[in-house]
1. Take the residues of segment A:86-115 that are touching a residue at least 24 places away in the same chain (Cβ under 8 Å), within 14 Å of chain B (Cβ to nearest Cβ) and over 18 Å from the mean Cα position of the chain (by Cα): which is surrounded by the most Cβ atoms within 10 Å (Cβ to Cβ)?
2. Could you give me the residue pairs with C-beta distances under 6 Å whose first residue belongs to segment B:303-321 and is under 28 Å from B:Trp431 (Cβ atoms), whose second residue is of a type in the set (Phe, Trp, Tyr) and part of a loop (DSSP other than H, G, I, E, B) wherever it lies, and which are 6+ apart or on separate chains?
3. For segment A:116-125, check the following and say yes or no: at least one residue is within 14 Å of another protein chain (Cβ to nearest Cβ) and either of a type in the set (Ser, Thr, Tyr) or surrounded by fewer than 21 Cβ atoms within 10 Å (Cβ to Cβ) (or both).
4. Considering only segment A:58-73, state which residues are of a type in the set (S, T, N, Q) and facing another protein chain (nearest Cβ under 7 Å).
5. Among (1) closer than 21 Å to B:Phe150 by Cα; (2) over 30 Å from the mean Cα position of the chain (by Cα), there is one condition B:Trp106 misses while meeting the rest; what is its number?
6. May I ask you to list the residues in segment A:39-57 that are within 29 Å of A:Asp25 (Cβ to Cβ), of a type in the set (Asp, Glu) and at the interface with another protein chain (Cβ under 9 Å from one of its Cβ atoms)?
7. Looking at B:Val189, B:Val175, B:Val89 in this structure, which one is surrounded by 14 or more Cβ atoms within 10 Å (Cβ to Cβ) and part of a strand (DSSP E or B)?
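The values are calculated or read from the model by the stated rules, or taken from the named source; none is laboratory data. All figures in this text were calculated on a predicted structure; none of them were measured in a lab. No Cβ is skipped: glycine too gets one built from the backbone with ideal geometry, and neighbour counts run over all protein chains shown.
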Amino acid sequence: MSAHPQPAVRPQSAAPAWDRQVCEDFLLHEARLLDDGKFDDWLALFTPDAQYWVPSEPDQQSPYDTVSLIYDDRRLLETRVRRLASPRIYSQEPRSRTSRIVTNVTVEETAPDFAVVRSKFMLIEFRRNEQRLFGGTCLHRLIADGDALRIRFKRIDLVNCDAPLDGLVVPF
Amino acid sequence: MHGEQDLSRLVQPARVHRSLYTDPAIFQLERERIFSVAWLYLGHESQIKNIGDYFCTRMAGKPVIVVRDAGGAVKVVHNQCAHRGSMVVASDKGSTDEFQCCYHGWTYHLDGRLKAVPLQHGYPQDFDPKSSRTAMLAVPRVTSYRGFIFASLAADGPSLQESLGYMTTSIDDMVDRAPDGDIEVAGGVFRHSYNGNWKLYLENLCDAAHPWFTHRSSIDAAQQQADDVFTDGFGEIAIRQMRQNGAPYSFWESQVGIWTYPNGHSYLGDYHDDAKLVAAMNDPVFRDYIAALEARKGKEAAKKILEVRRWNSNIYPNLSFMSQFQQLRVVHPVAVDRTEVHTYSFRLRGAPERMFRNTISFANVVNGTGSLVLTDDLEIYNRIGLGLSSEGAEWIEIGRGYLSDVADEHGGRRGKNSTSEVYIRNMFDAWLGYMTGTPRESARFPHGAVA
């Protein structure tokens, strides 16, 4: 999987045991928050300097020289989540219902202060009269923040990222 | 089927019949009479720099290959084998020295002429490898204007230059901004789609009255966003763009203009200006860019180039672009109620590398499939599709600003202010011309003014 803009070095916290099960539980928790529409709680999982990325091309190397279906720094991600709560978000009237399956979780890389976790996902989205199916690979760069895990970086590679797509409003 | 008489009754000066957006028979006629006749934008020459480079696209729904042939000319050939009809090229883009069909190995020159056929002895005596019957047929007319490739499926008709008219100045604006005088497609493609008619897309691009409502959620979210949280700088343009969508009506009515020209073309102008809205002018990268432009073109010439402040320029029936952030959109009608739009970014040769980063950032917020802005536009197109399926109003109003249009010194007409729907009426004048052979000049200036 490709490089991404290197995150700033973070102060080292107590090294957790980067247990696969712990990471998987965290991803399932994240998926549940999204399915439940608890977007503020979802945002709270991210570090203050987090980046969230859905590339437009397979193996895309950078969000800065090629367009992305979504590329949010923290400021844009906050704006995205605030918009999701707006009563005037017409593209979510009616709201989507989603169901996510997260699986094939592997810990790809560990260091005392972070781990890169890879997973596969399927997302069923139903809105108005249409059901859509998305699938792909996620990369999370997780850091330990006290006892909690936080997302420093999340990359979602949709298998159909370069297909014609109707609007993407609910985050992956 | 609709006769000419019927069709012209469906377009009135300030309203159009809803069937123009819902009737599959009219959509089919549009494919035959507009998209199989008009100059369609296919792509940019920078996408096929070298001999043998090609990309695939569609004209009136038909698959074609745009290729640089052995002589260096741009050719457009139908992507269909002359033998059994198989689509010959299956990749979206690439480079090759010949086209070969995967079925029986018929092999073609880059310009579509037959090169070789296996088992040729088995074909009838009159088999002629030089005949058009054995070629991948070329699209009859292909012309570039400053690197922008247009083609027409019709053998005869007005030249590209005639068809574009004054709108060539918008393409000039796009290209002249490059310090080295050249632009190139870069940075990937968005392909977004919606359940609605193709005309809705072009009708929205110069609509200065919709952001306040349609984009309310992103305007509010961006206006409430704290500026002191972490950003890698990439979100800056996005936030500014969303905030400025919330400019008051008084701004749109007094500071922005809408210009239209024959054949359905138009642009929204005076929008993007340091003294008014968004503007990259205060951006240090943009200052470096101005310095580069001045160094290559001189201070006076650079000033003139940057004084052109057009937002979206629309070339009817399938192209829209904007020069300030180097964006371009191509509209592909799929069905009467289904449309795909492919959007591209351009790199200005000779501009600071960081400038392209701004271009990509802007592309994400304005044309991105996951954009906080575009997704509400797509919802509007879907809702119009749904609304028109009702048994409600038979006619759709396009009369805002009607009777107040004014003539323009370049042979067009402009709205009294930017919220005029003159550009929609102008597109329907062109629509009538293509569909019935009789453009309705009388509708353009109801007072009798002549452009």
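1. A:Ser91
2. B:Trp311/B:Tyr271
3. Taking segment A:116-125 and keeping what is within 14 Å of another protein chain (Cβ to nearest Cβ), we get A:123, A:125.
Filter once more, keeping what is either of a type in the set (Ser, Thr, Tyr) or surrounded by fewer than 21 Cβ atoms within 10 Å (Cβ to Cβ) (or both): A:125.
Yes, there is a match, as at least one residue in segment A:116-125 is within 14 Å of another protein chain (Cβ to nearest Cβ) and either of a type in the set (Ser, Thr, Tyr) or surrounded by fewer than 21 Cβ atoms within 10 Å (Cβ to Cβ) (or both).
4. Quick first cut of segment A:58-73, residues of a type in the set (S, T, N, Q) only: A:60-62, A:66, A:68.
Matches in segment A:58-73: A:Thr66, A:Ser68.
5. (1)
6. So the first thing to find is which residues in segment A:39-57 are within 29 Å of A:Asp25 (Cβ to Cβ), and the list is A:39-55.
Okay, now just the ones that are also of a type in the set (Asp, Glu), so A:40-41, A:49.
Within segment A:39-57, just A:Asp49 meets the criteria.
7. Values: B:Val175 fails: part of a strand (DSSP E or B); B:Val89 fails: part of a strand (DSSP E or B).
So the residue among B:Val189, B:Val175, B:Val89 that is surrounded by 14 or more Cβ atoms within 10 Å (Cβ to Cβ) and part of a strand (DSSP E or B) is B:Val189.
Conditions tested, residue by residue: (1) small (Gly, Ala, Ser); (2) assigned by TED's automatic domain parsing to the domain that holds B:Asn204; (3) at pLDDT 95 or above.
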residue	(1), (2), (3)
B:Met281	no, yes, no
B:Asp288	no, yes, no
B:Ala295	yes, yes, yes
B:Arg310	no, yes, no
B:Ser320	yes, yes, yes
B:Gly350	yes, yes, yes
B:Phe362	no, yes, no
B:Thr369	no, yes, yes
